[in-house]
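Below is one structure, written out as structure tokens; comments come after it.
Every number here is computed from the coordinates shown, using simple stated rules; none is lab data. What you see is a predicted model, and the numbers here were worked out from it, not measured in a lab. We place every Cβ from the backbone using ideal geometry, glycine too, and count neighbours over all the protein chains shown.
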Amino acid sequence: EEVEEEEEMVYDPDRPYLVEPWLNHEHYREAAKKFDHYDPTLWLPTLHLRMTPFMFYPWGIITAMVTVLTYFLEAHKEFIGEFSLSSDAHVVMGGALSFLVVFRTNSSYDRWWEARCAWQTVITTARTLGSMTVPALVDEDAREAMAGQIIAFVVALKAFVRDEKISEEELGPRMDLKIIEELNESSCLP
């Protein structure tokens, strides 16, 4: 029985896809699967309520007063006529709130779209930089170093924007871990 020895991967300009990858593609495929999946029952963990004492105490007092008044009126229905209000205030407040929600949603979408366009610019610029500089370098080690630095910059920028450290599981076998460790220890990743 013959045991085949693993051949060392050698760069072939005609087949560059056979070389080990810089990044762990499986990590990004798994992330993409989770990204494309939407479960409408999982919205509650994304809800965050942050309230300052300036808002909390008046809100708490009004909520307590309305709760007590509601229980009182349920117990003593003869006083309901004393607390009746016109529906005009509700109509005006509802209209104002709907405009506020629409404007907030629109501005959130605009910020998301601008961030997406900026990220696309980063990716395009990194690809252009790599396609222009790497072929111009004569030394193979210099090519590897330049391509690795460009990819490390993009990965570091992604981690910096998300306020995270670069994880080892998203890197492929060609990426130098020393560079990533230095970037993770830096005060400004990119």
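What the table shows:
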read-out	value
Kyte-Doolittle mean at least 0.0 and Cα axial length at least 15 Å: DSSP H helices in the chain	53-75, 88-133, 140-161
Theoretical gain in end-to-end length, Leu47 to Tyr28 [0.36 nm per residue, Cα-Cα removed]	4.3 nm
Among Val155, Val66, Val134: highest mean-square fluctuation, GNM of the chain, C-alpha pairs under 10 Å	Val66
Amide H contacts under 5 Å for Gly172, placed H, 5+ residues apart	Leu23, Asn24
Total formal charge among the other residues, if their Cβ is under 15 angstrom from that of Ala156, Lys/Arg +1 and Asp/Glu -1	-4
Value of [θ]222 nm, deg cm²/dmol, for the chain, DSSP H segments ≥ 4, -39500 (n - 2.57) each, nearest 500	-20500 deg cm²/dmol
Residue (of Val68, Met51, Thr133) at the positive-pole extreme of region 49-145, dipole from beta-carbon charges	Val68
Qualifying lysines (Cα of each under 25 Å from Cα of Lys165; at least 8 residues distant if same chain)	Lys33, Lys34, Lys178
Least to most buried among Val154, Val101, Val138 (fewest other Cβ within 10 Å first)	Val138, Val101, Val154
Separation between Cα centres of region 69-127 and region 130-147, rounded to whole Å	53 Å
Chain lengthening between Met132 and Leu157 when straightened (0.36 nm per residue, less Cα-Cα)	6.9 nm
Gained length - Trp59 relative to Tyr109, 0.36 nm times residue gap less alpha-carbon distance	15.1 nm
Taking all pairs of distinct alpha-carbon atoms in region 116-181, Kirkwood radius in angstrom	12.8 Å
Among [x] 89, 44, 29; [y] 54, 43, 26; [z] 95, 46, 31, the entry derived from the coordinates for Cα extents along the principal axes in Å	[z]
